Amino acid sequence: METIKREVTKLKKTGYGFVKIAKTLSISVKEVRAICKEIDEEKLLNGNCKNCNSKITSVRGKKIKQFCSDRCRWDYWNNKQKAGRY
Ligand SMILES: [Zn+2]
């Protein structure tokens, strides 16, 4: 499954459509669509902290995290506020 995901990503980058990807990997268009959806979701779930840029992984079905910790969230908004004052 992971290999197929990688192949789909590669073909998508080349500009292949769902049908062409399906034909190339001999899977159904429905499967390609499902895999693409999964890839997009993973991209959303894997982000970087807006403050310290460390990697964060959000939990599927929950709100996408923007900060790795409360401390970073606090620092970020604090710095933003300070920057706005000058
Ligand atoms: Zn952070």
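The values are calculated or read from the model by the stated rules, or taken from the named source; none is laboratory data. Just so you know, these numbers come straight off a predicted model, no measurement behind them. Methodologically, a virtual Cβ is constructed for each residue, glycine included, from the backbone with ideal geometry; neighbour enumeration extends over all protein chains shown.
Annotations for the structure displayed:
- Taken together, the residues in region 1-27 that are more than 24 Å from R60 (Cβ to Cβ) and either of a type outside the set (K, R) or touching a residue at least 24 places away in the same chain (Cβ under 8 Å) (or both) amount to 10.
- Whenever a residue of region 37-61 is small (G, A, S) and at pLDDT 95 or above, it has no partner that is assigned to a helix (DSSP H, G or I) and more than 8 Å from the ligand (Cβ to nearest atom) lying with C-beta atoms less than 7 angstrom away and at least six residues away or across chains.
- Within region 31-83, tally of residues that are among the hydrophobic types (A, V, I, L, M, F, W, C) and within 16 Å of the ligand (Cβ to nearest atom): 9
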